[in-house]
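Heads up, the thing below is written out as structure tokens.
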Amino acid sequence: MAEAGAKHGDRTARVLVAVMNSERDFAMARDGGWYRIPYESAPSRVGADYLAFYQTRVFEEDRWAVNYYAPVKRYRVLPRRSIIPFEPDHPRADALYYKIEIGPLRRLQHSIPSHRLRRITFIPTTLERLLRAKEINDLWCGSRHEEQLWRAFKNNGIGAERRYPLREEEEDYTIDFALFCKEGKVAICLEGHSPMENVHVVRERGSVDYYDLAAKGWTVLRFSARELARPGSFCLPEVIEAARREGGVLPVPFR
Amino acid sequence: MLLGFPVKVLGQPGLKSHDNRRWQSRPHLSVSLAYLRDIFLYLKRQDIRMYRMAADLAPYVVHPDMPEFHSQIEECTAELAAVGELAIESNLRLSFHLPLTSVLNAQDETIAQQSSQSAVAHGRILEAMGLGPEAVLVTHVGGLYGDRKSALGRFVERFERLPEVVRRRLVLENDDKRFSVPDIQRVHERTGIPLVFDYLHFRNFNPQGLDGAQALDVCLRSWPPGVKPKIHFSSPRTAMRIVQHRASRNRSTSPQLRAPRPTQHADFADPFQFMDFFSKARQVVDQEFDVMLEVKGKDLAVLRLREDLTRFAPNLLGD
């Protein structure tokens, strides 16, 4: 069923975008009405009014995009053997899982593709964003300044990747914006920005190691909230200049 | 001294306190518990170890016209145990404040019955989470109905009729215009119910002119041995309010400035007021206790007050 638009009361409803990487799990969501997440390694935000599914390469036509979502009916915490009884000898048969029961799958009017090959895990977002998003990077809910910079990139045709995940010696961290250029890469890291102004709130993500990034060939740009908020901010020209030095931003790959 | 806050998280957008969908969308306690688990992880990251859960955690669970919602607590035994285990692992002190529609001393038996059912449901949730005796259910005496003695008597009578699952967790708070600390003290003397001292309510309604530290001491001493008392603290709002005034002759509205009322809660706790009161109280009080901050800044106010106290009065925070 195609979705015409969110009802008024639904606009701020919470959505968890989860990864769907097998036909079998998709059939379980579509026909059985459930999805599972390992309890111990569940993301920091698991609560949601809706689940949406990012489909990986196994889905042919629908691959590398979010195409479906469904309302959440209830959560259960169960051992895997109760959820998938036909695999009693699975090595994780006794491990606990969230079994998230969902209503009928609804097809989005427009797919939400991920243009670049990147690791997608869970994305907490809102129904309003889900229904408006043109690409995966539109889904993240950032601080005011992060959103401001993202809009500036889009308005200037700069194809950035938001919340780009990196793994360094077993430690995961993300960079706020990544630009992939012809001759190099630019990492844009926002510092000291918090969801609320004037109050210091500890940032939740692991901090980026700028030396590691530089050693891996990234040009690192760091901006504070104050710099981003300043009228006539120099941040965007600085990003454009850094990208130019790296040969210019690569066009968004067509997949 | 733990500092906590009620219900809504402001420091991290998107963390909902409960499943607030309307009945037509079939909200469920299990969805609330998934949200609650996310909040607990956030609290752990911020090292906030005291939190009041949403009174509507189990939506419509005692609604008289919606029996389809009445079995949510039984349906969520495993999920309640799991989220309770997370709270215990995180040393998180939890509580509920019964909804303001819960009036245990109501003259109307139907309302009293409904209030009792609500208290039972909240008590059962805390039990199912496996929480210790410091996880309490806070309530007020209720209505005055023009007769203080009868109103207090009815509360005592109804309290005694409550099942054990509620009585062992119910605590009574002074309010800001009906029942003062000496009033709730009378209820304590007849029932043994522990008392929660509310600083702002006390400052607004203290007809006997009690000393604050002594009133605090009365409340703290009402708690059973081995259970750390908790109190409520808020500073009064002092900032101007902007209200939309509707002209009587037409439907247009215009903003008007209004002075704040002393019963209104500030956005943040005044650190100097907090320090002055508790430093003085320490000369009278010899018990440890935890503080629920009832200001509008919620978790942000806890973080701010913690910073302020670390700077100005580190001895108050203790470990």
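The single condition among (1) surrounded by 21 or more Cβ atoms within 10 Å (Cβ to Cβ); (2) of a type in the set (S, T, Y); (3) under 20 Å from B:D276 (Cα atoms) that B:T238 does not satisfy is (1).
Listed by position, the helices (runs of 4 or more DSSP H) enclosed by region B:1-112 that each have at least 3 residues that are within 14 Å of another protein chain (Cβ to nearest Cβ), crowded, with 18+ Cβ neighbours inside 10 Å and of a type outside the set (S, T, Y) are B:29-46, B:77-89. Any chance region B:71-83 includes a residue that's closer than 30 Å to B:L317 by Cβ and either more than 19 Å from the chain's Cα centre (by Cα) or basic (K, R) (or both)? Yes, the conditions are met somewhere in region B:71-83. If I ask for residues that are aliphatic (A, V, I, L, M) and either more than 11 Å from A:E191 (Cβ to Cβ) or touching a Gly at 6+ places or on another chain (Cβ under 7 Å) (or both), which ones from region A:221-247 would you list? Passing the criteria: A:A225, A:A229, A:L236, A:V239, A:I240, A:A242, A:A243.
Can we say B:F233 is more than 20 Å from B:Q287 (Cα to Cα), hydrophobic (A, V, I, L, M, F, W, C) and out of contact with any Pro (no Cβ under 8 Å at 6 or more places or on another chain)? Spelling it out, it is not the case that B:F233 is more than 20 Å from B:Q287 (Cα to Cα), hydrophobic (A, V, I, L, M, F, W, C) and out of contact with any Pro (no Cβ under 8 Å at 6 or more places or on another chain).
Within region B:297-312, which residues are surrounded by fewer than 17 Cβ atoms within 10 Å (Cβ to Cβ) and in contact with a Phe, Trp or Tyr (Cβ under 8 Å, 6 or more places away or on another chain)? If the condition is that a residue be surrounded by fewer than 17 Cβ atoms within 10 Å (Cβ to Cβ) and in contact with a Phe, Trp or Tyr (Cβ under 8 Å, 6 or more places away or on another chain), then B:F312 is the only one that fits.
Each value in this text was obtained by applying a stated rule to the coordinates, not by laboratory testing. All of these numbers come straight from a predicted model, not from anything done at the bench. All Cβ positions, glycine included, derive from the backbone under ideal geometry; neighbour counts span all protein chains shown.
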